[in-house]
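Notes for the one structure printed next.
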Amino acid sequence: MNVQPNTGSGDLSALKLDKGSFGRKTARRRLVIPILLVLGVVLAGAVVVLSGRVAGPTVETLTVPPPGRPDGDVTLTATGYVVARRKAAVGPKIPGRVTFLAVEEGSFVKEGAVIARLDAVDLEANVLQAEARVSSSEASVGEAEASQVGLELEANRWRVLHEQGLSSKQDVDLSAASAAAGRARVRAAKDRAAAERAGLAYSRAILDNTIVRAPFDGVVLTKDADIGESVAPAVGGGGTTRGSMVTMADMASLEVEADVGESSIAKIEAGLPAEILLDAFPDRIYPAVVHQVVPTADRQKATVQVKVRFNGDTAGALPEMSAKVNFLTGGVSASSPKRVITIPSAALRKNGSGWAVMAVDAGVARDVAVTLAGEPRSGKAEVLSGLLGGEEILAAPPAALKSGAKVRVADAASGRR
């Protein structure tokens, strides 16, 4: 906008607005805004194109599973749980209050080892009373025997005197009767002493029942009572009375109870080799053998329970752990080290005369040569070497993708790229 200078004449008409100049500047401003928008769109597109070229194509990946048996070695697979064949809820034979507890969860105890003791003050007093009665009865036996000796001697004297004509037959008979009565008193005294000894043995047995011992070698799984609590052979309705003190299991008797479908049970028999895989230790394989096919079926699940015994090491296995059992074909050893990794055949690509997969690490795909156990079949391939398990590989590597190229891994969980 141009303003004419004041000439001093006082004529206001000299002040006027140059509309042409103002319109030209406004038009230029209107042209600049669209141009900037176009440049922004072009720049954003260039960034997207360049980032796509740097990051590479988007690909789907999978995690290589741990090694397992070749398909031909496994007759079928079933799931189940680890149980202890020898398991006991250990409690007292008599009611009482716990005064001593020697174990905790996880304690290993030998057969016959003391687990707990009950309050035994009154029972110890009963034993002392029984011992006193035994002593008294044995003293009575001695007294009766001494009296009998005197009666026997007297009877013999009267008999001798009668033979000499110095005593009557009546005196002989009376002395003989007295001797017989003495013998009877001795027998009665001995019987009373035997009864008192039996009573002492019973009192001692009751006292011994206040000591709770381990029935076999095993590990304490749970502690069901504590010092000061009342326990009894069976819970009789009292809320403060417990029926057992500990639950223990023989860890050498662990086995897996697996459910096998009725249609497949004909393939399973006692002695068949197997292997156990615990969910807690997926990389550890336990050799096993079929111990028993339970001779009944579950009509609701249409399954038959099969008991599979650990054949050797049970390290790490605990009762109630979930497990998978691979039942092996008859000629395969459960301890055989032969293991393969099974992957989808779509993850393979030719590598000269062999095969390879594309492993992804830090956004870069690289060829990894693998050796197969045979030709891919049924959409799967068994890898003997080249993979360890746990690697991330392309699920279906593009034929044009070169080793060393950058890739973007698809977000399988959310579907975002």
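All of the numbers you see were taken from the coordinates with simple rules; none came from a lab. Only a predicted model underlies this, so the values are computations on that prediction, with no experimental measurement involved. A quick note on method: Cβ atoms are made from the backbone with ideal geometry, for glycine too, and the neighbour counts reach across all protein chains shown.
Annotations
- Order of Asp73, Asp279 under a 10 Å beta carbon neighbour criterion, fewest first: Asp279, Asp73
- Over 20 Å (Cα to Cα) - which of Lys350/Lys402; Lys307/Lys380; Lys267/Lys324 fall in this group: Lys307/Lys380
- Peptide ranges 141-153, 163-175 listed from the most packed, as the mean C-beta count within 10 angstrom indicates: 141-153, 163-175
- 5 Å-binned pair-distance histogram of the stretch 65-159 (Cα, whole percent): 2, 8, 9, 9, 8, 7, 7, 7, 7, 6, 6, 5, 5, 4, 3, 2, 2, 2, 1, 1, 1, 0
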